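Asks: First the structure, then my questions, so here it is.
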């Protein structure tokens with residue numbers, strides 16, 4: 001009789017048990033290890049964070065923008081734990097000292113060579129089904145921003161240097177460079 005090989009299913013407990021300094025995400029019980037972000041990646045993240053935070057503050061907004069490493073527990077289970085590069089959360093009741101419990105309103109991922117399939121496929125599906133309102137994928141190599149507006153079921157692409165409208169804020173756009 002042939003044995004059926006089963007993939008091991010991991011939980012958030014396994015993420016918390018990782019050695020200090022090792023980062024990983026958990027999607028549907030599978031661990032995805034994360035490499036350290038490059039200087040260019042960090043620079044884009046910092047500028048976006050600063051621009052979004054300034055916009056929220058100058059408009060007396062109630063949302064929070066949080067940068068990785070920051071835990072997002074997408075589902076009410078122990079099989080999903082992600083660390084988006086940037087998360088904008090408008091329902092502050094989702095936040096506690098452990099992270100965000102439920103879908104952020106807006107998620108931004110900056111593609112790294114080893115995260116490309118995860119950002120473009122796996123996370124796209126997870127964010128959509130978790131009810132994230134808007135998902136941006138920023139690809140520094142292609143100099144391209146792909147915007148998924150899940151509420152209106154839209155997909156748009158912008159080149160670096162173009163104004164990219166933020167769908168969750170009317171009249172707000174960002175030039176990614």
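Asks: If you scan segment 163-177, which residues turn out to be within 20 Å of residue 119 (Cβ to Cβ) and more than 18 Å from the chain's Cα centre (by Cα)?
Replies: 177
Asks: Given 107, 147, 164, 155, which one is part of a strand (DSSP E or B), farther than 16 Å from residue 26 by Cα and in contact with a helix residue (DSSP H, G or I) (Cβ under 6 Å, 6 or more places away or on another chain)? Let's see the steps before the verdict.
Replies: Working: 147 fails: in contact with a helix residue (DSSP H, G or I) (Cβ under 6 Å, 6 or more places away or on another chain); 164 fails: in contact with a helix residue (DSSP H, G or I) (Cβ under 6 Å, 6 or more places away or on another chain); 155 fails: in contact with a helix residue (DSSP H, G or I) (Cβ under 6 Å, 6 or more places away or on another chain).
Within the list 107, 147, 164, 155, the selection yields 107.
Asks: Follow-up question, since we're still on this one. Would you call residue 93 surrounded by fewer than 13 Cβ atoms within 10 Å (Cβ to Cβ) and modelled with pLDDT of 95 or more? Full working, then the answer.
Replies: Numbers: surrounded by fewer than 13 Cβ atoms within 10 Å (Cβ to Cβ): yes; modelled with pLDDT of 95 or more: yes.
Against the criterion (surrounded by fewer than 13 Cβ atoms within 10 Å (Cβ to Cβ) and modelled with pLDDT of 95 or more), residue 93 qualifies.
Asks: With respect to residue 62, determine if the residue is over 15 Å from the mean Cα position of the chain (by Cα), surrounded by 12 or more Cβ atoms within 10 Å (Cβ to Cβ) and farther than 18 Å from residue 122 by Cα. Spell out the reasoning first.
Replies: Details: over 15 Å from the mean Cα position of the chain (by Cα): yes; surrounded by 12 or more Cβ atoms within 10 Å (Cβ to Cβ): no; farther than 18 Å from residue 122 by Cα: yes.
Judged against the criteria, residue 62 is not a match.
Asks: Would segment 34-41 turn up any residue that is modelled with pLDDT under 95 and in a strand (DSSP E or B)?
Replies: Yes - at least one qualifying residue is present in segment 34-41.
Asks: Against the definition (touching a strand residue (DSSP E or B) at 6+ places or on another chain (Cβ under 6 Å) and closer than 25 Å to residue 59 by Cβ), how does residue 137 come out, yes or no?
Replies: no
Asks: Collect the residues in segment 83-95 that are assigned to a strand (DSSP E or B) and more than 11 Å from the chain's Cα centre (by Cα), keeping them in residue-number order.
Replies: Across segment 83-95, the qualifying residues are 89, 95.
Asks: Across segment 131-144, what is the number of residues that are in a loop (DSSP other than H, G, I, E, B) and closer than 18 Å to residue 37 by Cβ?
Replies: So the first thing to find is which residues in segment 131-144 are in a loop (DSSP other than H, G, I, E, B), and the list is 131-133, 140-143.
Next, from what is left, pick out any that are closer than 18 Å to residue 37 by Cβ: 140-143.
Qualifying residue count, segment 131-144: 4.
Asks: I've got another one for you. Please determine whether any residue of segment 72-80 is farther than 25 Å from residue 9 by Cβ and surrounded by 15 or more Cβ atoms within 10 Å (Cβ to Cβ).
Replies: Checking segment 72-80: not a single residue is farther than 25 Å from residue 9 by Cβ and surrounded by 15 or more Cβ atoms within 10 Å (Cβ to Cβ).
Asks: Being over 28 Å from residue 77 (Cβ atoms), over 16 Å from the mean Cα position of the chain (by Cα), free of Cβ contacts under 8 Å to residues at least 24 places away in the same chain and surrounded by 10 or more Cβ atoms within 10 Å (Cβ to Cβ) is the filter here; which residues of segment 3-46 pass it?
Replies: Across segment 3-46, the qualifying residue is only 43.
Asks: Another question, if that's okay. Please find, among 40, 102, the residue that is in contact with a helix residue (DSSP H, G or I) (Cβ under 8 Å, 6 or more places away or on another chain) and over 20 Å from residue 21 (Cα atoms).
Replies: 102
Asks: Can you tell which of 128, 118 is more than 25 Å from residue 59 (Cα to Cα), modelled with pLDDT of 95 or more and not in a strand (DSSP E or B)?
Replies: So the residue among 128, 118 that is more than 25 Å from residue 59 (Cα to Cα), modelled with pLDDT of 95 or more and not in a strand (DSSP E or B) is 128.
Asks: Only residues that are more than 19 Å from residue 47 (Cβ to Cβ) and either outside any loop (DSSP other than H, G, I, E, B) or touching a strand residue (DSSP E or B) at 6+ places or on another chain (Cβ under 7 Å) (or both): list them for segment 58-82, please.
Replies: Within segment 58-82, 71, 72, 73, 74, 79, 80, 81, 82 meet the criteria.
Asks: Kindly indicate whether residue 176 is in contact with a helix residue (DSSP H, G or I) (Cβ under 9 Å, 6 or more places away or on another chain) and over 27 Å from residue 31 (Cα atoms).
Replies: Taking the combined requirement at face value, the residue satisfies it.
Asks: For segment 105-115, indicate whether the set of residues that are under 26 Å from residue 175 (Cβ atoms), free of Cβ contacts under 8 Å to residues at least 60 places away in the same chain and within 10 Å of the chain's Cα centre (by Cα) is non-empty. Walk me through how you get there before you give the answer.
Replies: First, the residues of segment 105-115 that are under 26 Å from residue 175 (Cβ atoms): 105-113, 115.
Keeping just the survivors that are free of Cβ contacts under 8 Å to residues at least 60 places away in the same chain gives 107, 109, 111, 113.
Pick out the ones that are also within 10 Å of the chain's Cα centre (by Cα) and you get 107, 109.
Yes: segment 105-115 contains one or more residues that are under 26 Å from residue 175 (Cβ atoms), free of Cβ contacts under 8 Å to residues at least 60 places away in the same chain and within 10 Å of the chain's Cα centre (by Cα).
The values are calculated or read from the model by the stated rules, or taken from the named source; none is laboratory data. All of these numbers come straight from a predicted model, not from anything done at the bench. FYI the Cβ positions are ideal-geometry reconstructions off the backbone, even for glycines, and counts take in every protein chain you see.
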